[in-house]
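Engineer: If you scroll down you'll find the structure; I have some questions about it.
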Amino acid sequence: MHELSITESILSITLEKAEQAKATRVSKINLVIGELSGVVDECVDFYFNFISKDTIAAGAVLSIQHPPTQFRCRKCNTIYSPNGQNWTCPNCQEQNSEIVSGRDLYIESIEVE
Amino acid sequence: MAIKVLTIQEDILGANDEKAKENGVFLDKKGILMVNIMSSPGAGKTSLLLKTVENLKSKTRIGVIEGDVASTIDAEKVSEQEVPVLQINTAGGCHLDANMIEQALKNMPLDDIDLLLIENVGNLICPAEFALGEQRKAMLLSLPEGDDKPYKYPLMFTEADVVLVNKIDLAPLLEFDMDSFMKAVKGLNSKVRIFQISCKTGKGMDEWYSWLEGELKSYRG
């Protein structure tokens, strides 16, 4: 359900930037949404089509990149991807890591005419 | 017409984060410690609040903001304790956001409050993403939910300053692996404090109260 507020923010940032650039149409929005953010693409698409009607972003394609979750071991600094419930560092076998990727939630760019 | 690419690189939740920062600065000026309490539905947030208010209200001036999708049941229970309480209904929304808190703060007797407890909407996903301007985040997990939750909802556990493991009185009936749970949470969040509690029996609650009082003391310098 947080997809609605997220999609509203996507639309409002997009319209603001497009208007500043005096664009007449937004054709594509490039988004970066990390695996961990729990945002479902289909929901964002659904809400976007609905709330962008009657704006210059109507019909814009949403292109979404999903950076995978990555951890950094606090002991040996190895960067690795967790594997299900196995979060131990593949190098030193410690389970003491911070999330370094997968939390992203931003608009990379928009394509306008 | 030619297509132009505009680089944006802007956080989608940037507006909420900005508002949350403003709320935080405002509360700092007032000297109010705001604690955002988050959990799944049914983990015991309301019970935790009621017990906490009951135990601390003679020593600390407490206010409560109740977030729910609908109803005022929780606010009514809290108001029986005769502390200021405000109910926010999100009308279907799965989390509180910084704007809702800004409005709520305008409607609370802030000069009579030192500790402001927020009961967020029951949900382990969205509340972790939406900052409110709180100075501390408390996360409540109840034993029946299982020890695998940190693996499923890592963000929530990464963000928390304190994790309360509630319904510890049910331990003999359940197969909750506390060691594995602790290892997962502490691995993610090395600074987190974890208390095992039972709102029902009162076990471990003193540790939580002391933690809150300690945080309030250090916050107010």
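Only the coordinates and a few stated rules stand behind these numbers; no lab work does. If you're wondering where the values come from, they're calculated on a predicted model, not measured in any experiment. A quick note on method: Cβ atoms are made from the backbone with ideal geometry, for glycine too, and the neighbour counts reach across all protein chains shown.
Engineer: GluC sites (Glu not before Pro) within region B:85-188: which are DSSP loop residues with at most 14 other Cβ atoms inside 10 Å? If you can, show how the numbers build up before the last one.
Structural biologist: Values: sites: B:102, B:119, B:129, B:134, B:145, B:159, B:175; in loops: B:134, B:175.
In loop regions of region B:85-188 (DSSP not H, G, I, E or B), the sparsely surrounded GluC sites (Glu not before Pro) are B:175.
Engineer: Still on this model: For residue B:10, which sequence-distant residues (separation of 5 or more, or a different chain) have an amide H within less than 5 Å of its own amide H, given hydrogens modelled in the peptide plane?
Structural biologist: Placed amide hydrogens put A:107 under 5 Å from residue B:10.
Engineer: Rg to Rh for region B:45-150: what is it, with Cα atoms only and Rh by Kirkwood? Each step should come with its number before you reach the end.
Structural biologist: Values: Rg = 13.7 Å, Rh = 14.4 Å.
Using only Cα positions, Rg/Rh for region B:45-150 is 0.95.
Engineer: I'd like the distance between the alpha-carbon centres of region B:19-42 and region B:179-221, rounded to an integer number of Å.
Structural biologist: One Cα centre to the other: 18 Å.
Engineer: Still on this structure: Can you tell me the Rg and Dmax of chain A, counting just the alpha carbons, in angstroms?
Structural biologist: Over chain A's Cα set, Rg and Dmax evaluate to 17.8, 55 Å.
Engineer: Please report Rg (one decimal) and Dmax (integer) in Å for the Cα set of the protein assembly as shown.
Structural biologist: Spelled out, the Cα radius of gyration and Dmax of the protein assembly as shown are 21.5, 70 Å.
Engineer: Additional query: Using only the alpha-carbon atoms, how far is helix A:2-20 inclined from the longest principal axis of chain A? Give it as 0 to 90 degrees, nearest 10.
Structural biologist: Result, in degrees: 60.
Engineer: What is the sum of charges around residue B:46, taking Lys and Arg as +1, Asp and Glu as -1, for the other residues whose C-beta is under 15 Å from the C-beta of residue B:46? Can you show the working numbers first?
Structural biologist: Values: positive: B:45, B:51, B:77, B:167, B:200; negative: B:54, B:66, B:68, B:74, B:76, B:80, B:119.
Counting the neighbours of residue B:46, the net charge comes to -2.
Engineer: Let me ask you something else. Given a cut-off of under 8 Å on Cα pairs at least six residues apart, what relative contact order in percent is computed for chain A?
Structural biologist: Numbers: 201 pairs, mean separation 40.6, N = 113.
Over chain A, the number comes to 36 percent.
Engineer: DSSP loop trypsin sites (Lys or Arg not before Pro) in region B:23-90 with at most 13 other Cβ atoms within 10 Å of their Cβ, which ones? Kindly include the intermediate steps, with their values, before the conclusion.
Structural biologist: On the way: sites: B:29, B:30, B:45, B:51, B:57, B:59, B:61, B:77; in loops: B:57, B:59, B:61.
For trypsin sites (Lys or Arg not before Pro) across region B:23-90 that sit outside H, G, I, E and B with at most 13 neighbouring Cβ atoms in 10 Å, the list reads B:59.
Engineer: Let me ask something else about it. Which whole-Hz ³J(HN,Hα) couplings does region A:58-69 yield from phi under the Karplus relation 6.51 cos²θ - 1.76 cosθ + 1.60, θ = phi - 60°, glycine and proline marked x?
Structural biologist: 4, x, 5, 7, 9, 10, 10, 9, 10, x, x, 5
Engineer: Can you classify chain B as rounded, prolate or oblate using the Cα gyration tensor, where a ≥ b ≥ c are the square roots of its eigenvalues, rounded means a/c under 1.5, and otherwise it's prolate if a/b beats b/c and oblate if not?
Structural biologist: Verdict is oblate for chain B.
Engineer: What residues of region B:48-75 lie in the reach of a label at residue B:89, counting those whose backbone N is under 19 Å from a point 7 Å from the Cα along Cα→Cβ?
Structural biologist: Under cut-off, by backbone N: B:65-75.
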